[in-house]
1. Cross-link list LYS65/LYS120; LYS93/LYS130; LYS65/LYS186; LYS64/LYS130: which exceed 25 angstrom alpha carbon to alpha carbon?
2. Express in nm, to one decimal, how much length is gained between LYS245 and ARG76 on full extension, taking 0.36 nm for each residue of separation and deducting their alpha carbon distance.
3. Set the Förster radius R0 to 35 Å, insert the Cβ-Cβ distance between ASN111 and ASP37 as r into 1/(1 + (r/R0)^6), and round the FRET efficiency to 0.05.
4. I'd like the FRET efficiency for ARG63 and SER188, computed as 1/(1 + (r/R0)^6) with the beta carbon distance as r and R0 of 25 Å, rounded to 0.05.
5. Report, in debye and to the nearest 20, how large the dipole of the chain comes out about its Cα centre when Lys and Arg carry +1 and Asp and Glu carry -1 on their Cβ.
6. Go ahead and set up a Gaussian network model of the chain, Cα springs under 10 Å, then flag whichever of PRO49, PRO189, PRO215 fluctuates most.
7. Subtract the Cα-Cα distance of ASN252 and MET89 from 0.36 nm times their separation in residues, and report this length gain in nm to one decimal.
8. Using Cα springs under 10 Å in a Gaussian network model of the chain, which residue among ALA126, ALA208, ALA38 shows the largest mean-square fluctuation?
Amino acid sequence: MKLVILLTLIAIGSRANDAHACSCAMPRIEISPSGTDAPINSTVVVWLPSYESKGAQVSLSLRKKTSGDTVAVDFRNLGSAAVEVIELMPRAKLDANTEYEIVRVEKDGTNPVGQFTTGKHELTAAPVWKGIAKASYLKAVPVCCMCMTADPYAAIELKEPIDAARAAQVRVAIWMAGADGKIDYKKSPVTYHEGSAHLWLGHPSTCAPSNFTFPRSRALRFGIKLVDLAGNASAASEFVLDTTKPIRPPAN
């Protein structure tokens with residue numbers, strides 16, 4: 001998702017008269033956590049672009065990289081549109097100072113999609129944040145040589161930007177209200193977004209797959225929580241989008 005966000009910002013910020021403005025790399029599979037010193041009570045979130053899943057059910061497994069021992073996990077499938085989000089929740093704490101890998105299980109074997117290394121610590125306290133500053137429902141008018149789409153999307157800004165160091169330690173969980181207009185935070189979120197100062201829902205750029213499909217012709221209430229790598233969640237911050245009245249982005 002980091003790559004998706006970066007490509008989106010580049011695409012939207014490019015100049016319309018630049019014939020080479022829309023030049024995209026293929027979005028990759030992303031995982032969280034990644035790198036080193038992951039907490040031993042981590043859950044694992046995988047973002048799969050649609051070209052990776054190809055409409056079929058994807059089977060993932062978490063295992064120790066050196067020994068190949070499989071970790072017992074529970075699965076949660078989230079996401080919508082062209083990004084599938086899969087959360088693997090270990091049934092016991094991970095071993096300290098151990099390298100793990102996430103593999104895709106296929107007919108002819110397994111294919112690694114990412115890896116991380118644990119430290120010694122675990123996370124127990126909920127993350128603190130200041131919530132949402134602004135949310136807008138936008139729809140651009142595509143112009144020549146730009147990567148923007150004509151699809152509606154939401155741009156969500158946070159009151160306090162999440163820097164790169166913290167972004168690797170958190171995820172943004174997003175809930176949507178039911179028909180009664182209420183949000184049930186006891187249910188699974190509709191999707192996860194990686195930590196960033198700017199969040200996107202929908203399909204603003206041809207460089208990035210759509211990560212959410214909006215229901216039409218009604219106002220939608222969303223709730224967002226900052227969630228750490230162990231699943232501890234902050235207080236919620238909510239906003240409402242009128243999906244019947246999208247506006248044009250300022251740069252369009």
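A short reminder: the numbers here are calculations on the coordinates, not readings from a lab. Being a predicted model, the structure only gives us computed values, none of them experimental. FYI the Cβ positions are ideal-geometry reconstructions off the backbone, even for glycines, and counts take in every protein chain you see.
1. On the way: LYS65/LYS120 17 Å; LYS93/LYS130 30 Å; LYS65/LYS186 34 Å; LYS64/LYS130 37 Å.
With Cα atoms farther than 25 Å apart: LYS93/LYS130; LYS65/LYS186; LYS64/LYS130.
2. Numbers: separation 169, 0.36 × 169 = 60.84 nm, distance 3.31 nm.
Taking LYS245 through ARG76 to full extension adds about 57.5 nm, to one decimal.
3. Details: r = 26 Å, r/R0 = 0.73.
After rounding, the FRET efficiency stands at 0.85.
4. Working: r = 24 Å, r/R0 = 0.97.
Once the sixth-power term is evaluated, E becomes 0.55.
5. Values: 28 positive and 24 negative charges, 120 e Å.
In total the dipole reaches around 580 debye.
6. Among PRO49, PRO189, PRO215, the largest mean-square fluctuation in the Gaussian network model of the chain belongs to PRO215.
7. Working: separation 163, 0.36 × 163 = 58.68 nm, distance 4.17 nm.
Length difference between fully extended and current span is 54.5 nm.
8. ALA126
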